[in-house]
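Enquirer: I am attaching a structure below and will ask some questions about it afterwards.
The values are calculated or read from the model by the stated rules, or taken from the named source; none is laboratory data. Remember, it's a predicted structure, so these values are computed and weren't measured experimentally. Here Cβ is always computed from backbone atoms with ideal geometry, including for glycine, and neighbour counts include all displayed protein chains. Protein only, heavy atoms only, side chains kept; ligands, DNA and RNA dropped before computing areas. Shrake-Rupley method; radii C 1.70, N 1.55, O 1.52, S 1.80 Å.
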Amino acid sequence: MSVDADRLRDLTLELVACESPTGDTADVARLYARRLEELGLEVELLDEQFRATPIVVGRLRGGAPGPTIVLNGHLDTVPIPHEPPRLAGDTIFGRGAADMKGALACAAEAAAVAAGRGGFPGELVIVAIGLHEAPGGRGEDLTWLLRDRGFTADYAVVCELAGEAFVAAHMGQATVEIEIARPGIPTHELQTPAGTPHPLFAAGKVIEAIAARNTELAQVEHPWVGAETYFLGELHGGDFYNRFPTRCRLVGTRRWQPGKTLDEVRVEFEALLAGVAAETGCAIDLDLRLVRDSYRVDPEERLAVALREAYREVTGTAQKLTGLKGVADGAIFHQAGIPTVYHGPVGLGAHADVESIDVPELVRATRVYGALLERLWT
């Protein structure tokens with residue numbers, strides 16, 4: 001497979017140079033759409049529902065009937081400042097280089113190679129979205145595309161998360177906000193009637209209950225993703241040292257194993273909080289919002305086998321099987337009934353202060369995509 005490393009490098013740098021925090025990806029979407037058109041793809045820029053974060057859909061049609069295969073990625077990045085993009089040897093530095101503009105450059109290069117090949121059956125479709133990174137995005141655009149606009153495909157590859165490992169499963173995740181409140185207004189500690197419910201004390205009880213539940217969950221290990229978790233990362237309450245507060249807020253995450261639903265998670269969480277509310281006299285409300293559902297794939301199904309064989313062909317080594325506690329967009333394709341796997345170039349520093357990707361790794365991933373496509377086209 002003839003991959004143009006210079007073209008890969010240049011497109012990655014160009015995409016990284018176009019800032020695109022979640023919720024503000026229109027400029028980079030238009031840039032990416034233009035580059036796909038230049039490579040010979042038929043491109044739609046879908047902005048009727050998401051004007052600030054248009055969806056890019058680029059199609060490369062083959063010469064005969066066959067499967068529709070998607071290469072998917074996200075153009076948005078975490079809204080964390082980064083030094084200006086730069087090239088140092090074969091390493092590209094910049095926000096989004098690893099997560100995941102480099103991967104979308106790989107998808108474009110795989111399409112360019114396929115266009116030069118010609119005559120393949122079916123079509124190759126690149127789908128690039130802009131509402132990936134939580135909490136600003138939760139895959140609303142991809143969900144709309146698959147559920148409401150009727151887009152479908154025979155296979156999908158989400159171009160991230162996995163390089164040398166084959167991801168057989170990942171957890172589901174929701175963000176958690178717990179609001180704890182009592183009636184009335186804040187009062188001086190000495191002027192507050194005895195027995196008044198204390199939101200901060202109730203928060204302590206919630207924390208204790210979550211810690212106890214985590215201990216129970218740790219006893220049940222899923223073979224791929226490990227134990228489920230509750231996590232709290234923020235506690236906000238009170239506004240002055242001797243004022244009796246009226247409310248408190250806890251913020252965190254809930255992660256669950258494949259096979260469990262968000263509704264089941266919600267019922268369990270609400271029961272845990274109801275016990276604390278009854279004990280403390282505080283009102284406790286739960287806001288549980290889905291980030292992504294859980295995902296799992298049979299490593300022996302056709303798409304999975306084809307990916308693992310393609311990786312071995314390109315690298316000479318076998319992918320180890322693994323699972324992840326993190327989440328990504330394969331779950332959305334999976335829920336839509338589209339067989340989906342993860343594979344992408346592996347960089348450094350996703351969400352960190354310094355983010356980078358090596359050009360040879362971009363080339364490797366592109367070659368794996370090409371070898372995978374050939375297997376699915378035969």
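Enquirer: Could you tell me which of the residues Phe244, Phe240 is more than 18 Å from Leu272 (Cβ to Cβ) and buried (at least 16 other Cβ atoms within 10 Å of the Cβ)?
Expert: Phe244
Enquirer: Within region 159-216, how many residues turn out to be in a strand (DSSP E or B) and β-branched (Val, Ile, Thr)?
Expert: 6
Enquirer: Also, quick follow-up: Of the residues Leu45, Leu15, Leu71, Leu60, only one is assigned to a helix (DSSP H, G or I) and in contact with a helix residue (DSSP H, G or I) (Cβ under 6 Å, 6 or more places away or on another chain); which?
Expert: One residue alone meets the criteria, Leu15.
Enquirer: Only one of these conditions is not met by Tyr295: (1) without any contact (Cβ under 8 Å) to a residue 12 or more places away in the chain; (2) under 20 Å from Leu217 (Cβ atoms). Which number is it?
Expert: Result: Tyr295 passes all but (1).
Enquirer: Every residue in region 305-327 that is in contact with a strand residue (DSSP E or B) (Cβ under 6 Å, 6 or more places away or on another chain) and either without any contact (Cβ under 8 Å) to a residue 60 or more places away in the chain or open to solvent by less than 20 Å² (accessible area, probe 1.4 Å) (or both), please.
Expert: Leu307, Gln319, Gly323
Enquirer: So Gly259 clears everything in (1) surrounded by 14 or more Cβ atoms within 10 Å (Cβ to Cβ); (2) within 18 Å of Val167 (Cβ to Cβ) except one condition, right? Which one?
Expert: (1)
Enquirer: Please go through region 217-231 and give me each residue that is part of a strand (DSSP E or B) and surrounded by fewer than 17 Cβ atoms within 10 Å (Cβ to Cβ), ordered by number.
Expert: The answer is Phe231, and nothing else.
Enquirer: Go through the residues of region 350-372 one by one and say whether even a single one is closer than 22 Å to Ala112 by Cβ, modelled with pLDDT under 95 and open to solvent by 20 Å² or more (accessible area, probe 1.4 Å).
Expert: no
Enquirer: So which pairs qualify, if the first residue must be in region 258-273 and at positive phi, the second must be of a type outside the set (Phe, Trp, Tyr) and assigned to a loop (DSSP other than H, G, I, E, B), the Cβ gap must be under 8 Å, and the two must be at least 6 apart or on different chains?
Expert: As it stands, the answer is Gly259/Ser294, since those pairs meet every condition given.
Enquirer: Next question, about the same structure. Any chance you could count how many residues in region 74-119 are part of a helix (DSSP H, G or I), touching a residue at least 24 places away in the same chain (Cβ under 8 Å) and surrounded by fewer than 21 Cβ atoms within 10 Å (Cβ to Cβ)?
Expert: 3
Enquirer: Sticking with this structure for a sec: Just wondering, is there one or more residues in region 136-156 that are of a type in the set (A, V, I, L, M), over 13 Å from Arg292 (Cα atoms) and in a strand (DSSP E or B)?
Expert: Scanning region 136-156, I find at least one residue that is of a type in the set (A, V, I, L, M), over 13 Å from Arg292 (Cα atoms) and in a strand (DSSP E or B), so the answer is yes.
Enquirer: If you don't mind, another one. Tell me the residue from Thr53, Thr68 that is more than 25 Å from Gly137 (Cα to Cα), polar (S, T, N, Q) and at pLDDT 95 or above, please.
Expert: Exactly one of Thr53, Thr68 is more than 25 Å from Gly137 (Cα to Cα), polar (S, T, N, Q) and at pLDDT 95 or above, namely Thr68.
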